[in-house]
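This report refers to the structure that appears directly beneath it.
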Amino acid sequence: MPWQRRRPPSSTVFGAGSAAADMMLVGEQPGDQEDKAGAPFVGPAGRLLDKALAAADVERERLYVTNAVKHFKFTLPERGQRRIHKTPSRTEVVSCRPWLLAEVDAVQPDVLLLLGATAAQSLMGSTFRLTAHRGEALRLPDAGDVGWDPQVVATAHPSSVLRGRPEDREKAFEALVSDLRFAARLLAS
Ligand code: URA
């Protein structure tokens, strides 16, 4: 397919934000628009995240934003050119983990906010259940290896708000805002 030959393969999307950030947000992996822009959370999920941050009174400029997996994984449907997101495998998550841990160690945030199950399982372990521990104040199970011991909050991924049933979206958005507020309050504690 000519489209495939012309298009560069997906590239590494590095984290972005202040190296002095007191809160670090971790998503799953860059999407189509993040891959093209080379920056995390600039597509539809990023716009939803920006709205939720504004509602929670958290300035994105004071955050460091990154992903558990550093490349966009996608499938190409037979027709059309839109690349469809594919969930990363456990192997991909584990392979990218050293880079994520290095970011945590370099930025040393007071609070880590994990967006979605992939980010949560990358740092809290593969048996971690977001549904059981969403919105709690947690600690990394292996903070000693990371060299830094931030408070951790796991919440839903902004994409899950966008993908939910229209009648559930407002409630899902408010729940995300509530977790963002909770994480911001931990900074003050
Ligand atoms: N979804 C993510 O998890 N990360 C991004 O950067 C964009 C969408």
Treating only Lys and Arg (+1) and Asp and Glu (-1) as charged, each at its beta carbon, one finds that the chain has a dipole about its Cα centre, in Debye to the nearest 20, of 1000 debye
Ignoring ligands, DNA and RNA, what percent of the accessible area of the chain is carbon or sulfur (1.4 Å)?
52 percent
Vicinal HN-Hα couplings computed from phi for region 173-184 (Karplus, 6.51 cos²θ - 1.76 cosθ + 1.60; Hz; Gly/Pro x):
5, 5, 5, 5, 4, 4, 5, 5, 5, 4, 4, 5
Cα atoms only, region 27-109: Rg and Dmax in Å?
14.3, 45
At a temperature of 10 °C and a viscosity of 1.306 mPa s, determine how fast region 1-145 diffuses translationally according to Stokes-Einstein, using the Kirkwood radius over alpha-carbon pairs as Rh; express D in µm²/s, rounded to the nearest whole number.
99 µm²/s
How much of the DSSP bridge set in the chain is antiparallel, in percent, rounded to the nearest 5?
30 percent
Computed on Cα atoms, the radius of gyration and Dmax of region 71-189 in angstrom are 16.0, 53
Taking Cα atoms, the helix 90-107 axis meets the longest principal axis of the chain at an angle in degrees (rounded to 10) of 50 degrees
Selection from PRO158, ALA37, ALA102, by position along the positive dipole direction of the chain (Cβ)
ALA37
Counting only protein heavy atoms and rolling a 1.4 Å probe, one gets per residue an accessible area for region 1-110 in Å² of 54 Å²
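About the Cα centre, and with charges only on the beta carbon of Lys, Arg (+1) and Asp, Glu (-1), how big is the dipole of region 50-123? Nearest 20 debye, please. If you can, show how the numbers build up before the last one.
Working: 11 positive and 9 negative charges, 118 e Å.
For this selection, approximately 560 debye.
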Please report the relative contact order for the chain, taking Cα pairs under 8 Å with a sequence separation of at least 6, and give it as a percent rounded to a whole number.
24 percent
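The values are calculated or read from the model by the stated rules, or taken from the named source; none is laboratory data. Because the structure is predicted, anything quoted here is derived from the model rather than measured. Positions of Cβ are generated from backbone atoms using ideal geometry, with glycine treated the same way; all protein chains shown enter the neighbour counts. With ligands, DNA and RNA removed, areas are computed over all heavy atoms of the protein, side chains included. Shrake-Rupley method; radii C 1.70, N 1.55, O 1.52, S 1.80 Å.
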